[in-house]
Each structure stands twice: as structure tokens, then as C-alpha cells.
Amino acid sequence: MSRRIALVIVGLVAALLLLAVVPLGFSLTANERASFGFATRSAGDQVAAQAEEYLADHDPPAAMYRALADAANRGDCATVYGKRMQIVAATPCGQASDTESAALARLVLGGAEQAGTRDADWQLVASPIGDDGKVSGVAVLARSSDPMNDRIAVVWTWLAGSGLVVLLLGILFALRLGRWVARPLTVLGASAARFGDGALETRAAIGTGPNEVRELSQAFNRMAERIQSLIGSHRAWVADVSHQLRTPLTALRLRVDILAAEAQGETAAEMTGLQAELTRLGSLVDGLLAVARAEATVPRPEAVRADETAADRVAAWEPVARERGVALRLAAARPAAVRLGPGDLEQMLDNLIANALDSVPEGGAVSISVETAGQSTEVRVADDGPGMSEQAREDAFRRFGRSGTGGNGLGLAIVHRLAGANGAEIALRETPGGGLTVALRLPVSP
């Protein structure tokens, strides 16, 4: 952002300099040329005035020679032509007596008031000698254009140097302005990233940058305070509920177990059913608490080996699968590092494997695979059970969504919450040949 701001400001400064300096340079150049031309014509008129005293008034030529000497001292070339184009007097320099100078003299003798020409090196001017319309001769003066070119070069050099200095100052100003505006946003972005990674105590620094950025930082801090308070209260609520529910359930189960041990006949059968319902209620409470914890958790991602985690969970669940007569295997597990909160992948796989084992009949199979493609790793848990209908798959991630497997409808909800908290994606697909495949697309760790 700071680079863009600097580039925009530098572009504006450069455009303003071009719009101001270039026209000014051309204007000064035109003024310099006009001034040089006027000075050259004036010098030629002076030579013509002094030569008039000799050619028209028939005075001694001393004044004419002094005018030519002064012109020579200034570095000019001058030639005085008579009425018949003969050279009456001239400076040692022959620039004013060449073919081009003679052509200008003929133009003036032919009736032109004044004639002149200019090239890259010299400027020539031909002035008539005489008055009252009687031309007695022509004075041609040639002045070198080098002094004028030098002054023009100085003007453009000064303008270019001034423009460069202003441009450099503009660049420095743009860089400082860009950093002043962008640095607080960079700090705010870093604070937001740390907050999103689970550091709920993170707050943005306030006191630098524009007012709008300060207000944004203050709003972020208020939001962070509110979120931290909500998550803290949610966690406290989960802990309180866990304590308040588990204690009476445990006491109730102990009492029922004692009564079941003494019961006989129909009473014993009822007690057995009551024990099953208490077990189901305990499982439901555990599931609700797990969902609440998943919703209240802000993970701090770290690098996790998905292949090693999958192999570990398969080894942990293999005895349960063997007892139920289900084949649990790791189909493919290429080395893959993903970025997740600590323990989240284990919890997701435990819920998925538990659901798969509940849905697969004896003699069925559950397979787990880990594959990496591009910037994501996909962990798949596939079974060959009855599968799920399209409507059931749409409702599977809701609490108490029924999949037809006899579960409490919380396992997939827990996995969905954990996946969303870690920036992962979860999808339910049909297994080729029948069954359900749950695919977890996890972010790859650098």
C-alpha cells in the first residue's frame, strides 16, 4: 500500500513538473532568442548609422571604422557594402561578407527595410544605410549564436535541476506519507492475524497514522475485547455445565447400578433398560459439551503430520473395529504436513471413525486415506455401509441431524465446527459401490 501511495504522489508531482517546467522552458527560450535577435538588429543599425555619415553625408570614415572596431571587439563580424555591392569596409572576420551576406545585402538594396537569417551558429542582419528612402549602402552584421545557445542551455539546466530537486523532495515526501499511512495498517493486520490464530489478548497499537486508521484500530480493539469476553464466558459456561451435569449423572448411575444388582425378574429387566438410557444420556451430554468446546475454541494453528495422525488413530480404533467385525485400514497415507490447531485433527478423525464404525455392519470395511494436491491435503474416511440420502447429507452438519446410523447426531457437527475454525472444508460423498465418504480438505503447512 505504501508503494502505491508513493507511486501515485510521485506520478502527480512528475506530471505537475512537466506541465510547469516544459512550457516555462520553451517560453524562456523564445524570450532569449527574441532578445538576442533584437540585440543583433540594434548592433547592425548602429553600424549602419555610423556608415551613413561617410556614405551619405560624405563625412570622414573615422566613425564608421570605430563602429566596425567595436563590433569586432564584441566578437561580431560586420561588412559595409556600397550602392553597387562593393565592399567599403569590413572587420577582419569574413562571416558578414560571404555569399549569404551578399544575398541579404541585395535584398535590402532592392527595397527591403531589413533582412536577416539565422542558423545554429550565426545570426545575420542587413540594415540599409541612408534616410528619406535613399539607400547609399548596406551594413551586414553577423553575430555568433554561441552565447545565446549557452544561455539557453543554462536555462534548461537550471529548470531540469530544479525539477529534479522538487521530484526528489516529492519522492521523499511520498515515501514518508506512504509509510505513515500504511505502517499502522500493517501493524493492525499483524494484530488481526495473531488474534485470528488464537492470541485473544492481542490488541492493536493506537497513536500513529491518520485519524481513520486510529478509529479502525480502536474499533478492532473493542471487537477483540468483546470477542474475548464472549469466548471466555462461553468457556466458563461449558466448564460449569460439564461439572453440573456430570456429577448428578454419575451419582444417578451409581444408584441405578446398586439397585440393578439387587433387582430380580421384571425389575431387573427395567433396571437394565434404565442403565442403557443413562449411558445414552451420558453420551449425549458428552457430545453437547464437545460441540460447545469446538464452538468456543479459537485454534492456534501449528504444523501437524496428517499421515502420522491418521496412522495413530487407526491403531487406536483397530481393537474396537476388530471387536465389531469391521476391517479398519489405512489405505494410503503419503507424508503430508497440515496447519491445524493442536489436537483438532485427532478429534475430527475420532468422530469420523466412530460414526463409520457405527454405520458399517459386521463384515464391512472402513478405510482412511491421506493425499496432497496443490495447496491442500485431503483426508478421506470411507465406509461401505448403507450410506446417506441426499437430504440426510444436507442436514448432517446440524446438531442432532439424523443420518440413520443410530448416533446422537453430534459427531459430524463437531467435525464441521472444528474444520471451519481451522479454515478447512468438509464434504460428504457417496462411496463408489455404496457407502459414505467424508472428505476433509486441510490447509497445507509451509
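The values are calculated or read from the model by the stated rules, or taken from the named source; none is laboratory data. Just so it is clear, the structure is predicted and the values come from calculations on it, not from any experiment. A quick note on method: Cβ atoms are made from the backbone with ideal geometry, for glycine too, and the neighbour counts reach across all protein chains shown. Quick note on the areas: whole protein, heavy atoms, side chains included, nothing else; ligands and nucleic acids left out. Shrake-Rupley method; radii C 1.70, N 1.55, O 1.52, S 1.80 Å.
Overview of results
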quantity	calculated
Pairs, first of a type in the set (Ser, Thr, Tyr) in region 369-395, second assigned to a helix (DSSP H, G or I), C-beta under 7 Å, six or more apart	THR377/ALA306
Only one of SER389, SER369 that is of a type in the set (Gly, Ala, Ser) and touching an Asp or Glu at 6+ places or on another chain (Cβ under 9 Å)	SER369
Residue ID - farthest from the chain's Cα centre (by Cα), chosen from residues in region 15-38 that are loosely packed, with under 15 Cβ neighbours inside 10 Å and either closer than 29 Å to VAL108 by Cα or charged (D, E, K, R) (or both)	PHE38
Boolean, ALA219 is of a type outside the set (D, E, K, R) and within 19 Å of ARG300 (Cβ to Cβ)	no
First in region 1-27 and closer than 14 Å to LEU164 by Cβ, second anywhere and hydroxyl-bearing (Ser, Thr, Tyr) and open to solvent by less than 100 Å² (accessible area, probe 1.4 Å), Cβ under 8 Å, 6 or more apart	VAL21/SER162
Of all residues in region 298-324 being without any contact (Cβ under 8 Å) to a residue 40 or more places away in the chain and among the charged types (D, E, K, R), the one that is least open to solvent (accessible area, probe 1.4 Å)	GLU318
Strands (runs of 3 or more DSSP E) lying entirely in region 304-421 (those with 1 or more residues that are β-branched (Val, Ile, Thr) and modelled with pLDDT of 80 or more)	337-340, 365-373, 376-383
Residue, farthest from the chain's Cα centre (by Cα), within region 328-363, restricted to residues that are within 18 Å of PRO432 (Cα to Cα) and surrounded by fewer than 20 Cβ atoms within 10 Å (Cβ to Cβ)	GLY363
Enumeration of residues in region 185-217 that are in a helix (DSSP H, G or I) and open to solvent by 80 Å² or more (accessible area, probe 1.4 Å)	THR186, ARG194, ASN211, GLU212, ARG214, GLU215, LEU216
Tabulated pairs, region 226-251, first within 23 Å of THR279 (Cβ to Cβ) and at pLDDT 70 or above, second assigned to a helix (DSSP H, G or I) and among the small types (Gly, Ala, Ser), C-beta under 7 angstrom, 6+ apart or interchain	LEU249/GLY282
